Each structure stands twice: as C-alpha cells, then as structure tokens.
Amino acid sequence: MLRRLVPVMLTAAVVALGIAALVVRPTSDGPEQTADYVLVAGVPGLRWDDVDPANTPTLWRMAEQGAIGSLAVRSARQPTCPVDGWQTLGAGNFAAWDETVVGETCPAPEITVERPDGISANLPDQRATVTYNQERLRWGTMPGALAESVRCTVAVGPGAAVAAARPFGRVDRYAAELPPDPTALLATCVLGIIDLGTVSGDDPARRADAARRADEALARVLAARPERSLVMVAGVADTDRTSRLHVVVADGPGWGRGWLTSPSTGRDGYLQLVDLAPTALAALGRPAPERLFIGQPAAVVGDRPADLPTAIAAPADADREAGAQQRVAGWFFLLLAGLQCLLAVAVLPLLRRARRDAGPSGPAPVPRRVVGTVEVLLIAAALAIPAALVADIFPWWRGEHAGFYYGLVTAVVLALATAGVRLAPAYQRTLWPLAGVAGLAAVIVGADVVTGARLQLNGVTGYSALEGGRYAGLGVVGLGVFIAAILLSAGWLAQQVRRSWRPAVVVLVGVLGVIVVGSPYLGADAVGAVALTAGVSIAAVISTGGWLTLGRLAWASIAGLAVTVGFAILDLQQPLAQQGSVGRFLTAVGDGSSGLTVHRSGAANLSALAGSPLTVLALVGAVLVWFALLRPWGGLKRLFGIYPAIRAGMAGIVVAALIAGLLGGTALNVAGAAAALTVPMAALAALRVLDHATDRTIPATSPDEPSAPPKGPDRSAGAVTAPPGGPRVEQSRPATGEEGTAAQAGPAQSSAGVAAG
C-alpha cells in the first residue's frame, strides 16, 4: 500500500514545496506623484570617471544631495549610439533609429529638424523610424510613446528632439540651443528633455573639456528649474563599440540621497535607459502606456555611503569590471569549449581499453598513471566554470592586464578545487569524484545566489549589466551548472539509501534547488524553477530503477504541471508591471499580443544558438555520450545499471536544461553549461566501472541487503576493492532487478548486458 502511495506523496510534496518556493514578491503600489515638472538632461557618453568636484562641480553637488546609480544604455542594437539612446528614452522600450551598420565609433547623428512656426518642430524621418521599429524589430517599440503620454513636451537640442517627438514627428516646444536664461522655456511644459552635449573619445583632456561644458549647461538648467521639479541627468548612450555603464542622477522632492534602482533590474544602484520614461510619468502621476513601456519606474533605496567619493567609487568600479568582463568572457568560453573537445577525444581510447581482460593474451591495460592523470583533467574540466565564478571574488579587472590576471586567479582556484576532490580520503570510491564535484559546484553557485549573487553580476561566467538581460539573481551559465550539480548530488545521495527512500531524497534535494533558483528573493528565475521542477520530477520517479513507464511519466508530468499552474495563478494576480515571465506571457495570450512574445523568444533562441561557445559544449557533450559513452564499450550503461539514481539524475539534467533553454530564450546555453560539468563526470565514472567490469560479487540474500563479501581480498560492504592503485567500485545493494543483474555481471557479460533501460 505504501509503495502505491509513493507517487501521490511525491506529487504532493513537489507541488506544495515548489509553489511555496515560487511565491512572488508582495504587491506594492506604484510611486505617487512627487513632482509637478520633470526635466531629463542627457549627456551621451558621460561616465562616473568624468565626474569630479573640480571639473563638474554642479553635477557633483547634485549627486551629493540626490540619488545616484549606474545606467545601462541598452537599445535595440549594439552599440547604443546617441541617436538610438535618445529614441529609446522617448519610446520607453528598446529602439533603433535605422539599420545603419555602426563601425568602431558612432557616426555623427544626421537629424533633420524642421521649424514650421518657430515654436514647435517636426522630425520628417520619425514616421519611417516608427515603421522600422514596428515591422522590422522584435520589441514592438513605438517611438514617441513618452511624448504621447503627456500633454506638452519641450525639447532643447536635436538629440532631445528625437526623444520628445511624437510618433508622427511633432515636437510641442523646441529650442535648438539652451538660452542664457531658460526659466520661461522650461516652465512651458511638464516634461522637458535637454541635450547637454556629448562626452566621447579616450583622450582624458578632451573628455574633461566636454564634461565641463555639459556641467556649465546643467548649472543653467538647475538655476532655472521650476518649483517642485525632478531633474534627472543621464549618460543616455555610448559613443563607440566599447559599451560602458553611464551616469544617472536624480534630484527633486522625494529623491534624496541614496541609490537608484527599479524592478526591472532588482539591483540597488542600477537602472536601465528604458526605466527613465516610466520614471518620469510616475513622478508626474501619469499612467504609463500599456504594453509599450518595457522599463519600470525608478525608486530610491538607502545604505549609500555618506562620503560621495566613496559612493561614486562603486559604480565607477562596476563600469571597469563590466568592460573587462566583455573582453575576457569570449576567450574564456572559447578556450573552455576547445579544451573540453580535446579532452573528449583523449577519453575515447581509454574507454576502449578500460575494461581489464581476464586472460593472459589480452591487450595490456592502460597504465594507472595515465588513467589517474586523465581523471584529474576530467575533474578540472568539470570544475572550470565554478572556479571561474569564484575568481570574481578578487578584483582582477583593476589591473592593466585584466585578462592575464583573471586567467591566473582562475587557474589557482581551479587547482585548489581539483586538489580538494583528488586528495579526499574517499577519492578511490567510484562515485566520489562525481559527488565531490557536484557538491562543490552546488555550494559555490548556491552560496553566491543566497548572498546576493555578487559573483554573477558582471562576472565572466555570470551576466553583464551592459547586456541588459539580467541584473540580479541566477544567470544562464549559473543556472546550467546549478541544475547539473543539484541533480547529480540528489542522485548520489539517493544512491546511499534504501530504494523505497530514494524518491524522497531526490525530491528533498531538488526542492531546495527549486527554492534557490525560483525564489524572487534569491535566483529570481521562474522559468528555471519550472524547468528544474520537471527535471526533479523525472529523476524522482526513476530513481529506484526500471524504465520510465507511462504511469511514472504521468506522475512526473502532473507534478511539473501543477507547480507551473500554481505559480502562473500566483503570478497573474500581480499587477502587470510586477508580473514574471510566465504571468506576462499568459497575459499576452489573453489580450491577443502573444505573437510578439513568441517572436521575441524565437529570435532570442536563434541568436543564442548561433553565437555562443556553450552551444559547442552542448553538442560535443551529446555526441560523446551518444556515440561513445552509451555504446556497449562506453561504460555508461553499466554505470546506470549499477547506480540507477545516477541515471535518474542525469535524465533530469537533460530534461531541465532543455526546457530552461527553450522557454528562457537561451537555446542550448543552459544545456552547454550543464554539459560542461556533467559529461566529464559521466566519462570518469564510466572509466571506473569499466575498469571493474570483470569483478564478481556474491548474490544478496534479501532484497534490501548488500551482497555478502567474498573470501580472499577485503571487499567491504558497498564496495569492491580494486587492485593496488586502482579506484574502488561501489556496489550499491545489488540484490534484485537491474542492480542485481549489473552487480553480478561476469567476464562473459558485456556492459550492454547490464544496461539499465
């Protein structure tokens, strides 16, 4: 009776704990009106390195009394040139002016501004750019959405005219230059957008001169600002292909000293360019246009250092780290993919000769020293990404040769981690390297997420604030590694207990992983949590051995669907601005705009599939497993037969990684990160079980008791002792069914004969 209730209890546990893990943040009302006027002063290219009390005294004083942060200027194309930045500001969504290819530096914007009456202005190219954004790009952007949301907008300068133009090109009030006394002009409309000039180039003297001129113009704006006005200064764009984080400062009623943040970033001190439009409307008490703005209103949080130089040092350092991350991440993943491909090729001959021959005329076995060296390399390959994550604890990006320092730090961390696994007393046990690597990776990624995901942000193996995809929680690479680590750990732990308890162990460990991934206070990845739930469900139902029958598949599907539906219901109860990806998609289905969401996801999957080294890792891992490890001579079937809980964990990894990539718009990136850890450990474990394919055990006397130890050499319960220098193969209760068959396999049986379904 209890055996029949296990699937029901399993489903209930996964559903209850999964939904509890995915409870969304409490609802909060949007910001109330805090100003009668909003002025947005844009300075393309302005970075925190350009701000100091001597050269930019006005901005320095404004930053002292206001809220500050780092601005990510993502638009519909990279780099975000000034004209694209201005248009993204006015659209509240990712926009691009046209499809002109950008070289090393951004071209001077060619903006035609017509002055029909000397008061307003008209942009004749606005209709064409609206059509381009609506029909050619995937964001559904409507240039001019910000101006359409208020009755009157004033613009100063051609860049500001792009941001202030309505969809049909009209600018309500326009001045080509800021007048000596702009008091009357700035009081004309509730929303003012001012172009203070551009700070560009690498020459310090040239940048300082441009920043000084912008600061002088800002002084006139602040002197003429209307009563109860919010002033925001923002570096709204890049000026060349070197993307950077830029300045953002807000000063006005309710915008006192602190850090700027928004729900779109979820990280104190970070805003996106698309957040400025909804922030302006929220400060004026105006509703944002539905489904047009992708950003969220900014807010002010405390805990900013009282000393401004100390406070500014944080965003300036983040800018340097983000810039170095972009330069280093590419070659790191290319090098990782190349080395893992070479290691996969090197493992093939060892797999062919790993099985020891019982007769005197068989081929000579591979020397133990060679096998030991390959094992260490496999462990190092599996730990490469976790070690690279830990390397971001050290400020490697501050050096002149950042890439070299990062490589050196990563190599040291990797060597220490590999030595820790290799020198452990339990290393000779067959599954210990797999368990040690999985446990270490799960602890590293989990600890980082629980402590605020500091290593994920701008980390080489994390995510970049310059990309604009994520600013808090668990990134794509971290998700793949964590999925693999948590499910391998669950499989190893389940293998240590009685069969009847294995599903419970997998569920317990898996739900802890779901909480870390899906909680909005931790990983904040709803899609990843749903995918991991599916993987845990599959792993739990086959952890006791046997095939994935229709009944087991039904229970696993019920558990996964129940968690997804439960989370979707909770998510749909939130306001539209606070919904997660699942809730937003279902809302789009309800109002008929889901086609745009599907188009975005499809385009994102295609881009990720074609442009990431992680795709190579996923494909190479799949080829190695299918054409080598799962062959009769590959050892993986024998491993699965002896250790069905490990088979369950690896099956769950495949399911979870593919679902996370497909639904998250990252294609095979999650699977590639998971394969970087899983495939080397699968190859190592297969080598070990092949090395003992001719060992025999005495059949067990009861269904849940291990085989009796044979006479002769010491073979303790649960392990078969290898010859001197060799690893020890764990025989986990091989009494009945597939485990018993695998454990009793003699020289006449091939590894294919002990396959576990």
TODO: Give me the distance in nm between label points sitting 7 Å out from Cα along the Cα-to-Cβ direction at A176 and V376, one decimal.
DONE: 7.3
Open item on the list: 7 Å from Cα along Cα→Cβ at both D98 and R228: what's the point-to-point distance in nm?
Closed with: 4.4
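Counting heavy atoms of the protein chains only and a 1.4 Å probe, report the per residue accessible area for region 232-272 as a whole number of Å².
On the way: 1080 Å² over 41 residues.
That works out to 26 Å² per residue.
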TODO: Please list 269-280, 415-426, 462-473 highest first by mean number of surrounding beta-carbon atoms within 10 Å per residue.
DONE: 269-280, 462-473, 415-426
TODO: About the Cα centre of region 326-446, how large is the charge dipole given +1 on each Lys and Arg Cβ and -1 on each Asp and Glu Cβ? Please answer in debye to the nearest 20.
DONE: 440
Task: Segment R422-R212, extension gain: residue separation times 0.36 nm, minus the distance between their alpha carbons - done: 69.8 nm
Task: region 101-248: C-alpha gyration tensor shape, a/c 1.5 cut-off, then a/b vs b/c - done: oblate
TODO: Using packing as a proxy for protection, rank 281-287, 249-255, 90-96, 193-199 so that the peptide with the highest average count of other Cβ atoms within 10 Å comes first.
DONE: 90-96, 193-199, 249-255, 281-287
TODO: Between R353 and E114, with labels modelled 7 Å along Cα→Cβ, what's the label distance in nm to one decimal, could you check?
DONE: 8.1
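Can you tell me the convex hull volume per residue for region 337-486, based on C-alpha atoms, in Å³ to the nearest whole number? All intermediate terms of the calculation are to be shown ahead of the outcome.
Working: hull volume 20.1 nm³, N = 150.
Spread over its residues, the Cα hull of region 337-486 gives 134 Å³ apiece.
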TODO: Round to the nearest 0.05 the FRET efficiency obtained for R291 and R327 when R0 = 41 Å and r is the Cβ-Cβ distance.
DONE: 0.65
Task: Positive-end residue of G66, G85, T105, charge dipole of region 58-121 with Cβ unit charges - done: G66
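The values are calculated or read from the model by the stated rules, or taken from the named source; none is laboratory data. Fair warning: this is a prediction, and the values are worked out from it, not measured in the lab. Every residue, glycine as well, gets a Cβ built from its backbone with ideal geometry; the counts of neighbours run over all protein chains shown. Just so you know, the surface numbers come from the protein's heavy atoms only, side chains and all, with ligands and any DNA or RNA stripped out. Shrake-Rupley method; radii C 1.70, N 1.55, O 1.52, S 1.80 Å.
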